[in-house]
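Participant: Dropping the structure in here first, questions after.
The values are calculated or read from the model by the stated rules, or taken from the named source; none is laboratory data. All of these numbers come straight from a predicted model, not from anything done at the bench. Heads up, the Cβs are rebuilt from the backbone with ideal geometry, glycines too, and the neighbour counts pull from every protein chain shown. Just the protein is used for accessible areas: all its heavy atoms, side chains included, with ligands, DNA and RNA removed. Shrake-Rupley method; radii C 1.70, N 1.55, O 1.52, S 1.80 Å.
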Amino acid sequence: MSHLASPATLTGADAQLAADISTQLEAVERRLYEVTEQTRKLPDTASKHLLAAGGKRARPNLLLLTARLGEPDRDEIIEAAVAVELIHLASLYHDDVMDDAPVRRGAPAAHEVWGNSVAILTGDLLFSKASLVTAGLGPEAVRIESETFERLVLGQLNEFAGPPEDADPIDHYLHVLADKTGSLIATSAQFGVMFSQADQSLAEPVRLFGERVGIAFQLADDIIDLTASSQSSGKTPGTDLRERVPTLPVLYARAAAADGDVSAAEVVELLDADLTSDEALESARAALASHPVTERARAEAVRWAEDAKSALAPLPEGIVKDSLFAFADSVVSRTS
């Protein structure tokens, strides 16, 4: 999963807001290292592997931004930001094992360094740390976090199982994205309102925004997997194709082929071939990336970003709303 956006992108042209959020992110970073500290070398090193690899901390960024709708300097804000980032980091350890992805954020994936068992257990350890941090925020936060955990896991399971026999594969896929990607981004936005003591009627609009922008993000990420270089994305291009992940461009190509599109059928033939070799993978990737279905998938990502912005109608006009709009736009305009 690629990064979402930087503080500068989130806050548009407001230099002071960007500086304030950057200062808070430094506090979040310090707490992340404190919370993941272990006395034994292996769990300590493994827990900090992806943390040290970097990242733009998009979910904390979003939380810190929506907290500007209330009192953003409350201690609970930093703890909530730490919790959501720990959940995200934990999920990456598991994702990379399931996807057999060799690279994450430009560094070897944890399972490449220590093996699958250590990577999975490290993800579990980080999930437990997230739960401990969230427990300090109260029972409502624990409930929301638990529901988010459930959706993350169900999203992965439903992706693995595939659509039921009579289900629309595209609808199924979008539901998977809402669970496995949108749910945590939604919780991040919601926590910012909750723990800043903002008007609580704004929690649901920002939650909807987060879920929809999460879907837009993942749809854009699917396209980046096809079009970006490994240097810019930190991942091997075409990983999803090799792992037979039914991304939106693939689903569109299969639907078009079923409707008689000869060029789409040729792409599908390449997708269904043995993609073990880098040459076969590159042929399939290039064919799909250049086919009109990929541009159609890009347009769908933009539509979800626009739907995310429409959810923000109840928010007051101002820098926070403007920055959330910029966030949605950045999700679908990025190239890595």
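Participant: Can you give the local net charge around Pro292? Use residues other than it whose beta-carbon is closer than 15 angstrom to its beta-carbon, Lys and Arg +1, Asp and Glu -1.
Facilitator: Within the 15 Å Cβ shell, the charges total -2.
Participant: On to the next question. Per residue Cα convex hull volume for the range 33-76, in cubic angstrom?
Facilitator: 75 Å³
Participant: Next question. How many percent of the alpha carbon pairs in the range 83-212 exceed a separation of 21 Å?
Facilitator: Beyond 21 Å sits 47 percent of the P(r) for the range 83-212.
Participant: Mind computing the radius of gyration and Dmax over the alpha-carbon atoms of the range 4-158? Å is fine for both.
Facilitator: Calculated on Cα positions, Rg and Dmax stand at 15.8, 45 Å.
Participant: Which lysines does Lys41 reach when only Cα atoms under 18 Å apart count, and residues fewer than 8 places away in its own chain are ignored?
Facilitator: Those lysines meeting the cut-off are Lys129.
Participant: Follow-up question, since we're still on this one. Summing Lys, Arg as +1 and Asp, Glu as -1, what charge do residues with Cβ under 11 Å from the Cβ of Arg334 carry, Arg334 excluded?
Facilitator: Surrounding charge for Arg334 is -1.
Participant: Remind me, relative contact order of the chain in percent, using alpha carbon pairs under 8 angstrom and six or more residues apart?
Facilitator: Relative CO of the chain lands at 21 percent.
Participant: To test your reading of the geometry: what angle, between 0 and 90 degrees and rounded to tens, separates the Cα axis of helix 203-227 from the longest principal axis of the chain?
Facilitator: 40 degrees
Participant: At q = 0.06, 0.07, 0.14, 0.16 Å⁻¹, what is the base-10 log of I(q)/I(0) for the chain according to the Debye formula with one equal point scatterer per Cα and no solvent? Please give it to two decimals.
Facilitator: -0.20, -0.28, -1.12, -1.42
Participant: Going through the range 264-336, which GluC sites (Glu not before Pro) have at most 15 other Cβ atoms within 10 Å and a DSSP loop state?
Facilitator: Those that pass, being in a loop and sparsely packed, are Glu317.
Participant: Below 8 Å, C-alpha to C-alpha, sequence gap of six or more: please give me the relative contact order for the range 20-168 in percent.
Facilitator: Reported relative contact order: 24 percent.
Participant: Let me spell out the model: positive unit charges on the Cβ of Lys and Arg, negative unit charges on the Cβ of Asp and Glu, origin at the Cα centre of the chain. What dipole size does that give, in debye rounded to 20?
Facilitator: 920 debye
Participant: Quick check: with the 1.4 Å probe, what order do Lys48, Lys41 take by accessible area, largest first?
Facilitator: Sorted descending by solvent-accessible area, the residues read Lys41, Lys48.
Participant: Let me ask you something else. Where in the range 163-257 are there GluC sites (Glu not before Pro) that are in a DSSP coil and have at most 13 other Cβ atoms within 10 angstrom of their Cβ?
Facilitator: Glu165, Glu243
Participant: Please calculate the 1.4 Å probe accessible area of Thr23, with all protein chains present, and give it to the nearest 10 Å².
Facilitator: Probe radius 1.4 Å; accessible area of Thr23 about 80 Å².
Participant: Among Ala220, Ala15, Ala90, which one shows the biggest mean-square fluctuation in a GNM of the chain, springs joining Cα atoms closer than 10 Å?
Facilitator: Ala15
Participant: Over the range 210-302, what is the relative contact order in whole percent, taking alpha-carbon pairs under 8 Å and six or more residues apart?
Facilitator: That works out to 35 percent.
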